[in-house]
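One structure is given below, encoded as structure tokens.
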Amino acid sequence: MAAEGAGISVFVTGSADGIGRETAATLAAAGHRVVLHARNEARAREAREAVPEAAGVLTGDLASLARTRELARAAAGAGPFDVVIHNAGVGGGAAERVVTEDGLERVFQVNVLAPYLLTALMPRPRRLVYLTSGLEARGTAALDDLRFERRPWDGMQAYSDSKLYDVVLAFAVARRWGDTLSNAVDPGWIKTRMGGPNAPDSLPEGAETQVWLATSDEPAATVTGRYFKRRRELRANPAAYDPAVQDGLLAACAELTGVRLPG
């Protein structure tokens, strides 16, 4: 990794608005090479206008396995990246269970399966950051029903579960890839479209830890398999540390996507 202040190359998913855009803009303003990601061309135009210093923007709907694969190929061509920040995600406000074109529950596919597939298909970066939420503490590692096929639908529980799985994914990658720093970040309750106007924290606060983990060579930032909020290491949901849960999630994601995590 380049020294702090030197230019590195970073890919930020879900960077058309909100925390992702703030993260990308902060990194680009510091002189780093940043590639944005948006769901579609309309959102890509918004991202280009909002972060004109960015090196480019890639499109891909993470609610589609085929388009997530295409995004992985495009990102591989736009790299190599020193850092990949898996920021993209959807909330759990849906009153009913929504199924994607792949027949998969949407919250799980976008929040968990998409970052898994991108991680598995893209060249390994030196650092990986997976965004989670403090609601991961309420998550349940329901490996036998990841997609709410049997449980009664509960949108917020589905979201909380997905955020737990993001931490599990970060820790599982840290275990398997010794040459990559892989960590999870709770950005806090931030004033965004998802967070709502009553959220207490600002966009810069929501982006600061990801930027720090991406760029800093401080000993506190050059660790792996950790869970952070405001640059402070916290204890995650106990299930996230369980190797059986980690391996179970990786196996389920491999079965659903047909792609195994290398290593």
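The values are calculated or read from the model by the stated rules, or taken from the named source; none is laboratory data. Quantities reported herein were computed from a predicted structural model and do not represent experimental measurements. Note that each Cβ is placed from the backbone with ideal geometry, even for glycine, and that neighbours are counted across all protein chains shown. Just the protein is used for accessible areas: all its heavy atoms, side chains included, with ligands, DNA and RNA removed. Shrake-Rupley method; radii C 1.70, N 1.55, O 1.52, S 1.80 Å.
Things to note:
- Some residue of the range 190-209 being surrounded by 17 or more Cβ atoms within 10 Å (Cβ to Cβ), in a helix (DSSP H, G or I) and hydrophobic (A, V, I, L, M, F, W, C): yes
- All positions within the range 75-94 that are farther than 11 Å from Val35 by Cα and part of a helix (DSSP H, G or I): Ala76, Gly77
- In the range 12-21, the qualifying residues are those that are closer than 13 Å to Glu49 by Cα and of a type outside the set (Gly, Ala, Ser), and the one that is most open to solvent (accessible area, probe 1.4 Å) is Arg21.
- Pair list, Cβ under 8 Å, 6 or more apart: the range 229-250 residue under 15 Å from Ala137 (Cβ atoms) and at pLDDT 95 or above, other residue hydroxyl-bearing (Ser, Thr, Tyr) and open to solvent by 20 Å² or more (accessible area, probe 1.4 Å): Ala239/Thr140
- Residue check, Ala220 without any contact (Cβ under 8 Å) to a residue 60 or more places away in the chain, more than 18 Å from the chain's Cα centre (by Cα) and part of a loop (DSSP other than H, G, I, E, B): yes
The rows are residues; the columns are (1) among the aromatic types (Phe, Trp, Tyr); (2) out of contact with any helix residue (DSSP H, G or I) (no Cβ under 6 Å at 6 or more places or on another chain); (3) within 17 Å of Asp242 (Cβ to Cβ); (4) at pLDDT below 95.
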position: Val112; (1), (2), (3), (4): no, no, yes, no
position: Pro115; (1), (2), (3), (4): no, yes, no, no
position: Leu121; (1), (2), (3), (4): no, no, no, no
position: Phe171; (1), (2), (3), (4): yes, no, yes, no
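- In the range 123-134 there is at least one residue matching the filter, namely being assigned to a helix (DSSP H, G or I) and at pLDDT 95 or above.
- Yes/no for Val84 being in contact (Cβ under 8 Å) with a residue 40 or more places away in the chain and among the β-branched types (Val, Ile, Thr): yes
- The range 141-156, residues that are open to solvent by 50 Å² or more (accessible area, probe 1.4 Å) and closer than 27 Å to Asn183 by Cβ: Leu143, Met156
- Scanning the range 72-108 for residues that are open to solvent by 30 Å² or more (accessible area, probe 1.4 Å), more than 18 Å from the chain's Cα centre (by Cα) and under 24 Å from Glu255 (Cα atoms) yields Arg97, Val98, Val99, Glu101, Asp102, Gly103.
- Screening the candidates Gly31, Gly7 for the property of being at positive phi and open to solvent by 20 Å² or more (accessible area, probe 1.4 Å) yields one hit, Gly31.
- The single condition among (1) without any contact (Cβ under 8 Å) to a residue 60 or more places away in the chain; (2) touching a strand residue (DSSP E or B) at 6+ places or on another chain (Cβ under 8 Å); (3) part of a helix (DSSP H, G or I) that Leu58 does not meet is (3).
- Of all residues in the range 32-61, those satisfying the criterion of being more than 15 Å from the chain's Cα centre (by Cα) and within 23 Å of Ser202 (Cβ to Cβ) are His32, Val34, Arg43, Glu46, Ala47, Glu49, Ala50, Val51, Pro52, Glu53, Ala54.
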